[in-house]
Amino acid sequence: MTTSGKVWQLAARPTGFPTPEDFRLVTEELPAPGPGQILVRNEVMSVDPAMRGRMNDVPSYVPPFQLDAPLEGGAVGTVVASESPDVAVGDSVLHGLGWREYALLDARHTRVVDTTVAPASAYLGVLGMPGLTAYAGLLDVAKMRPDETVFVSGAAGAVGTLVGQIARLRGARLVIGSAGSAEKVRYLVDDLGFDAAFNYKDGSIRTQLKQLTPDGIDVFFDNVGGEQLEAALFRMNLHGRVAICGAISQYNNPDAAGIRNLTLLISKRITMQGFLVLDHWDRREAFVEEMAGWLREGRVQVAETFVDGIDHAVDAFLGMLRGENLGKMIVRLT
Ligand SMILES: NC(=O)c1ccc[n+]([C@@H]2O[C@H](COP(=O)([O-])OP(=O)(O)OC[C@H]3O[C@@H](n4cnc5c(N)ncnc54)[C@H](OP(=O)(O)O)[C@@H]3O)[C@@H](O)[C@H]2O)c1
C-alpha cells in the first residue's frame with residue numbers, strides 16, 4: 001500500500017531574494033514503512049532563515065539542498081504507520097523531514113514529543129531549536145551576567161523574542177531590541193517586557209541605538225549583521241561580548257558591505273564569537289527544564305505566526321524573510 005502526499009522541491013537556486021519560481025510542489029507516492037521505519041503525517045513545519053543558506057551550492061555545516069529534490073526542515077507530526085518497536089502509531093514525533101505532508105523515515109532519526117504538555121509548534125520554537133539558540137547564545141556564548149545591558153537585533157523573531165525574555169529573567173539591567181515595524185517595537189516593549197526597542201527602518205540605526213543605550217552595551221546578540229552590527233560595535237562597553245547568531249540582512253544580498261569598525265574590538269577588548277546551536281545540544285536538558293518552568297509560571301510569552309496549508313509553505317518562507325512573522329513562523333499542515 002502506498003500513501004500519496006504533496007512535497008516541495010527546490011526547482012532553481014535563488015540569486016538574491018528567492019521567488020516562488022524557485023520552488024515546485026509535486027505529489028509523491030510513499031511505500032509502507034520498512035523495518036525500523038515510521039510513516040508520519042506532518043502537522044506543523046518550520047521555515048527558517050538557515051534554509052536560505054542551504055539553497056546555495058556552497059560547502060557549509062550542512063549540505064546544500066539538491067535541485068529537483070525535496071526541501072527539508074523541522075516538523076512535528078503523528079505516526080500513522082510504524083515498523084519500529086520504539087515508536088507507536090499515534091505518537092507525536094519531531095524530525096527533520098518538513099516541507100511535505102507525509103514523511104517516511106527511520107524511527108531513530110525522530111524524537112517522540114508530548115503534545116499534551118506543549119503544542120506541537122512549541123517543539124519547533126520556544127522549546128526547540130530557536131529556544132536553545134537563544135538560551136545557549138546568550139548565556140554560554142555571550143556569557144550574560146546579571147545587571148548587564150543587552151541588545152538583541154532581530155528581536156521580534158523566533159530567536160530574538162526569547163533572547164530578550166531570557167535576558168530579563170536572568171537579571172539583565174536593560175534589554176533593548178530592534179525590529180522592522182512600529183507594531184513589532186510596541187509588542188517587544190508592551191508584551192514582552194523589553195525596556196526599549198526601535199524600528200531599524202526608521203532613521204539612523206546608530207543614532208537610535210545611542211539614544212537607547214546611554215551607558216553602552218555589555219552583550220550584543222546579533223541576528224542581523226551588517227549595519228546593525230556596525231552600530232552596536234560603536235556602543236559596546238569595555239570587555240563587551242558579541243554573540244554572532246545570524247546575519248539575515250546579508251543572506252539575500254551577496255554584495256553586502258563589510259563591517260568597517262572592527263578595530264574597536266581591539267581598543268575595547270571586545271569578544272565576538274560566532275556559534276551554531278548544533279554545538280550546544282548538551283545544554284538542551286538544562287534549557288528545556290528552565291524554559292518549561294518559565295512557561296508554566298507564565299513568565300515567558302510565546303510568539304508564533306501561523307500560515308495554513310502545504311500549498312502556502314513557500315509563501316510562509318518568503319514572508320518570514322520579508323519580516324511578516326512575529327515570533328516563530330510555523331506552517332500548519334492539518
Ligand atoms: N547560529 C545558529 O545556530 C542559529 C540558529 C537559529 C537561527 N539563527 C539565526 O538567527 C536569526 C533569527 O532566526 P529566526 O529563526 O529567529 O528568524 P526570525 O527572526 O523569526 O525571522 C527572520 C526575521 O528577520 C528579519 N529580517 C529580514 N530581513 C532583515 C534585514 N535586512 N534586516 C534586519 N532584519 C531582517 C525579519 O524581521 P523584521 O521585521 O524585524 O525585519 C524577519 O522576521 C537568523 O539570522 C538565523 O539565521 C542562527
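The values are calculated or read from the model by the stated rules, or taken from the named source; none is laboratory data. Predicted, not measured: the structure shown is a model, and the values here were computed from it. Positions of Cβ are generated from backbone atoms using ideal geometry, with glycine treated the same way; all protein chains shown enter the neighbour counts.
Given the conditions (1) within 26 Å of Lys184 (Cβ to Cβ); (2) within 16 Å of the ligand (Cβ to nearest atom), which single one is not true for Arg284?
Tallying (1) within 26 Å of Lys184 (Cβ to Cβ); (2) within 16 Å of the ligand (Cβ to nearest atom), Arg284 fails exactly one: (1).
I need the full set of residues from the range 232-247 which are buried (at least 22 other Cβ atoms within 10 Å of the Cβ), within 12 Å of the ligand (Cβ to nearest atom) and either free of Cβ contacts under 8 Å to residues at least 40 places away in the same chain or among the hydrophobic types (A, V, I, L, M, F, W, C) (or both), in order please.
Ala243, Cys245
For the range 97-113, check the following and say yes or no: at least one residue is more than 17 Å from the chain's Cα centre (by Cα), of a type in the set (Ser, Thr, Tyr), at pLDDT 95 or above and farther than 24 Å from Ala316 by Cβ. Spell out how you get there, then give the answer.
Narrowing the range 97-113 to residues more than 17 Å from the chain's Cα centre (by Cα): 100-113.
Within this subset, residues satisfying the condition of being of a type in the set (Ser, Thr, Tyr) are 102, 110.
Adding the requirement that they be at pLDDT 95 or above leaves 102, 110.
Checking which are farther than 24 Å from Ala316 by Cβ leaves us with none.
No, there is no match, as no residue in the range 97-113 is more than 17 Å from the chain's Cα centre (by Cα), of a type in the set (Ser, Thr, Tyr), at pLDDT 95 or above and farther than 24 Å from Ala316 by Cβ.
If Asn253 satisfies all but one of (1) part of a loop (DSSP other than H, G, I, E, B); (2) over 30 Å from Tyr61 (Cβ atoms), what's the number of the condition it fails?
(2)
Which of the residues belonging to the range 173-187 are away from the ligand (no atom under 14 Å from the Cβ) and either free of Cβ contacts under 8 Å to residues at least 40 places away in the same chain or of a type in the set (Phe, Trp, Tyr) (or both)?
Of everything in the range 173-187, those that are away from the ligand (no atom under 14 Å from the Cβ) and either free of Cβ contacts under 8 Å to residues at least 40 places away in the same chain or of a type in the set (Phe, Trp, Tyr) (or both) turn out to be Arg173, Val175.
Looking at Val93, Val150, which one is buried (at least 17 other Cβ atoms within 10 Å of the Cβ), assigned to a strand (DSSP E or B), β-branched (Val, Ile, Thr) and more than 16 Å from the ligand (Cβ to nearest atom)?
Values: Val150 fails: more than 16 Å from the ligand (Cβ to nearest atom).
Selected residue: Val93, the only one of Val93, Val150 that is buried (at least 17 other Cβ atoms within 10 Å of the Cβ), assigned to a strand (DSSP E or B), β-branched (Val, Ile, Thr) and more than 16 Å from the ligand (Cβ to nearest atom).
Looking at (1) within 16 Å of the ligand (Cβ to nearest atom); (2) closer than 19 Å to Glu304 by Cβ, which is the one condition that is false for Asp190?
Against the list (1) within 16 Å of the ligand (Cβ to nearest atom); (2) closer than 19 Å to Glu304 by Cβ, Asp190 comes up short only on (1).
Collect the residues in the range 43-90 that are more than 25 Å from the chain's Cα centre (by Cα), surrounded by 17 or more Cβ atoms within 10 Å (Cβ to Cβ) and assigned to a loop (DSSP other than H, G, I, E, B), keeping them in residue-number order.
Passing the criteria: Ser84, Val87.
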